[in-house]
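Below is one structure; the comments refer to it alone.
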Amino acid sequence: MRVGSFACSCADTCDVDLEGVREGIEGVEVAASSSLLCQDGLPAMEEVIDEYDLDQLIVTCPERGAQRTIERVAEQQGVHPDGVSFVDQRESAGWVHDEAGATAKTARMVNARHAGLEAESVSRSISREAGDSVAVVADPETAAALADDADVTLIADGNEYVDAAADLDDVTIERGRVVDVDGRYGEFSVRLDARVTEDCISCMKCVHDGPDGAVTRYPVDIDPDAPDGEWTDVCPTDAIDLAGVDRTLEFDQIVYPAADRRTRGGRIGFYTAPIDAATISAVKDLLGGIEKPDHLDLEMDVCAAGNSSQPGCNECVEACPHDAVERSRIDAVEFHKDACQNCGACTSACPTGATRLREQSNERIAREVEALLRPTDEEGGWLLDRSGTDVDSPIVAFVCSERADDALAEYGRLAAAGKAEIEYPPILPVHVNCTDTVGEAHAMHALACGADGVAIVGCGGDCLHSGPDPKSELVDRLNRATTDLGLGERIGFFAPDPDDHGAFVEDISTFAVELDDSPIPVGEHEATGGIDSAEPRSANSRTQSGGSVELRSTSSRTEFGDADRENPPFDSHGWTLESVRTIVDHADPDRDVIRGLKDFARMDVAEGCTLTPTCSNLCPTDAIRRDEETATLEFNHERCVNCGTCEEGCIEDVMTMRDGLDLTLLPERRDGDPWVEVFEGSMRECAHCGTPFASEGSAEKIQEEVGDVVAGLAPSASGSIFDYCGDCRATLLYDRGGSE
């Protein structure tokens with residue numbers, strides 16, 4: 001990839017120093033600039049593309065019309081349309097920051113985009129077939145609007161449609177009230193309850209003789225509260241059944257204005273109020289099936305959802321706001337990629353890396369953050385000067401690409417138009433699909449790279465995906481962790497309102513002013529995405545299978561652990577731990593146990609443990625092992641992801657997991673040994689051969705439960721039969737059988 005960057009000041013209407021931007025851009029074949037690139041600068045851009053044989057352009061230009069012009073010229077020069085990427089140097093920089101800050105920020109955004117493109121995932125799509133059947137509940141206007149394109153059924157839900165204004169000639173009308181809706185796109189089922197069977201011939205006898213207002217004419221149905229009486233005998237086909245008739249109909253999509261959408265962000269193919277033109281369009285788009293980008297890489301071999309009919313981690317199911325993942329069995333989860341809306345909620349919640357966003361991947365986000373904070377010269381970089389110029393307090397801002405990004409752009413336009421005086425610190429943006437993408441690993445990595453603070457900039461009031469106060473719990477947890485790490489509070493959530501710029505400007509400005517300089521040097525940390533890997537592995541190692549590209553882990557020796565950890569790079573647990581280790585190298589933690597990080601736990605085992613292999617067999621990360629020679633149970637804190645499977649499955653109910661990352665349990669604090677003894681028992685030795693064969697706890701428990709049943713089976717045994725190993729016990733029983 002031969003990359004060239006082109007900076008523009010939009011006819012000097014945005015406050016950026018083009019020479020300064022060029023000097024701050026790194027790693028490209030050429031860095032060029034023009035005060036009006038989309039017009040006067042086009043001939044020069046053509047020459048530069050040809051001279052340097054460029055196939056990827058990074059251009060500072062937020063205006064869509066100008067972008068189309070630049071894309072057209074680039075394509076004429078042989079650059080693929082997807083090979084042109086744009087950075088906003090205007091609305092989010094030159095119009096809302098001073099010149100020094102806007103210049104520094106623009107250069108760093110270009111560097112970050114370059115780094116992100118180098119880690120960009122290969123595009124992939126998925127498809128799902130579906131039919132054209134659509135159920136519309138109690139909304140005749142919507143049913144009529146869809147009738148020309150879909151096979152529409154209007155479910156009456158107790159309503160009367162004799163005098164409906166909508167044209168229902170091409171609509172099937174079904175009697176019954178909705179009891180339940182289940183399933184998902186392409187296979188919804190609607191359960192209906194009616195008081196009239198399918199034998200009804202609409203003779204109107206029951207309407208004529210029935211209680212006033214209790215029987216509808218079209219379709220004929222009876223109110224569930226209608227009284228019984230002789231009037232029910234008038235039906236010539238015996239179609240009246242006041243006990244209720246239950247039936248289930250199947251549809252590909254459902255429009256149900258009065259329904260609770262059940263999920264926080266809505267489900268694909270299921271529409272609730274408000275119903276508008278956009279809803280009608282969405283229904284039509286999904287008729288016949290769907291083809292869409294594949295948003296997720298799945299590696300279920302490392303999933304911690306459970307094992308052997310024992311439930312474990314449920315983070316992805318609880319996090320998904322779109323019903324795209326469900327617990328299909330008590331010990332497994334299932335993803336429905338066609339329902340995924342690319343919000344990243346499941347991927348930031350998953351501790352093991354079993355589910356990962358393809359774009360932006362965690363690796364791409366990491367590389368963009370590192371580029372935003374990397375110095376540009378040997379002295380530490382003019383872009384990261386903390387002396388009071390340029391960017392005084394580097395704040396990495398994870399910005400929602402939906403409402404929040406639009407609001408920040410509106411602030412810039414208001415400022416440029418002279419409608420408002422808006423200026424705020426030059427926060428360093430990493431655009432994410434949704435702030436649900438951001439988890440503890442992303443924030444800790446930014447701090448490990450030397451950021452003074454982390455701003456999560458998302459939807460205000462009610463997130464399109466996760467509802468109200470989407471990141472408050474995360475911010476609280478992370479500030480507890482950063483405080484324990486000796487950094488103080490470093491994380492904030494901000495919701496820019498396009499109609500109230502003042503609140504955002506005040507909040508983000510106060511946040512920046514109150515941040516102390518980070519003790520962690522900028523530009524030194526580059527994440528491997530694993531547990532402190534001594535030989536960094538690339539997260540771009542891939543295997544080809546069935547036409548799809550899957551992200552796979554590759555072998556790597558960890559500095560303190562071992563090479564057996566199979567999780568893919570940039571899993572939340574491993575990536576967070578790597579970042580914490582970097583932070584601890586430069587900070588002075590206030591505590592040994594770091595609270596607030598959900599993917600870590602400590603193990604306590606009480607008396608009563610029988611050293612059965614249940615917990616070690618269940619553990620999805622191999623964080624538990626038994627040593628039969630010493631009759632001990634050992635725990636690897638570095639590997640544990642706090643899924644709870646062991647605690648849930650402990651048959652003696654003596655195991656307790658406590659949240660928190662305990663620095664004293666990490667191998668670097670234990671002379672390189674990651675294993676900690678959590679229980680010490682004793683082994684019972686065979687009374688005949690002397691071989692240890694079972695823990696005392698197990699032997700005593702079995703003897704207590706079945707000792708009376710097997711008493712006397714081996715009269716020649718010296719003592720209890722439970723004092724013998726399996727081989728010697730078999731010999732005793734054989735000798736007994738041979739002597740009879």
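General remarks:
- Three-way shape call for region 1-87 based on the alpha-carbon gyration tensor, with the a/c threshold at 1.5: oblate
- A simple spin-label model places pseudo-atoms 7 Å from Cα toward Cβ; at N617 and D223 they are separated by 6.1 nm.
- In region 597-724, the alpha-carbon atoms span a convex hull of 105 Å³ per residue.
- Helical runs assigned H by DSSP (4 residues or longer) give the chain a calculated mean residue ellipticity at 222 nm of -8000 deg cm²/dmol, each run adding -39500 (n - 2.57) before division by the residue total.
- Distance between the 7 Å Cα→Cβ label points at Q77 and A44: 1.2 nm.
- Rounded Å value of the spacing that divides the Cα centres of region 140-214 and region 40-109: 56
- Per-residue Cβ neighbour rank within 10 angstrom, fewest leading, R195, R413: R413, R195
- Spin-label model, R595/D246: points 7 Å from Cα along the beta carbon direction are separated by 4.8 nm.
- Proximal lysines relative to K292, as straight alpha-carbon distance under 19 Å, when same-chain residues fewer than 8 apart are discounted: K284, K337
- Reachable lysines from K471, criterion Cα separation under 19 angstrom, eight or more residues apart if same chain: K598
- Two-site FRET efficiency, A687 against E473, from Cβ-Cβ distance with R₀ of 56 Å, rounded to 0.05: 0.45
- The Stokes-Einstein estimate for region 109-197, based on a Kirkwood radius over Cα pairs and taken at 4 °C with 1.567 mPa s viscosity, is a diffusion coefficient of 80 µm²/s.
- Test item: Cα-centred dipole of region 1-87, Lys/Arg +1 and Asp/Glu -1 on Cβ, debye: 320
- Dividing the mean sequence gap of close Cα pairs (under 8 Å, 6+ apart) by how many residues the chain holds gives a relative contact order of 10 percent.
- Were the residues from E421 through E566 laid out at 0.36 nm apart, the gain over their Cα-Cα distance would be 46.9 nm.
- Relative to one another, the C-alpha centroids of region 657-704 and region 572-606 are positioned 24 Å apart.
- When you restrict to C-alpha pairs under 8 Å that are six or more residues apart and normalise by the size of region 131-289, the relative contact order lands at 26 percent.
Taken together, the values in this text are just the output of simple stated rules run on the coordinates, not laboratory data. Note that the structure is predicted; figures quoted are calculated from it, not measured. Cβ atoms come from the backbone with ideal geometry, glycine included; neighbour counts cover every protein chain shown.
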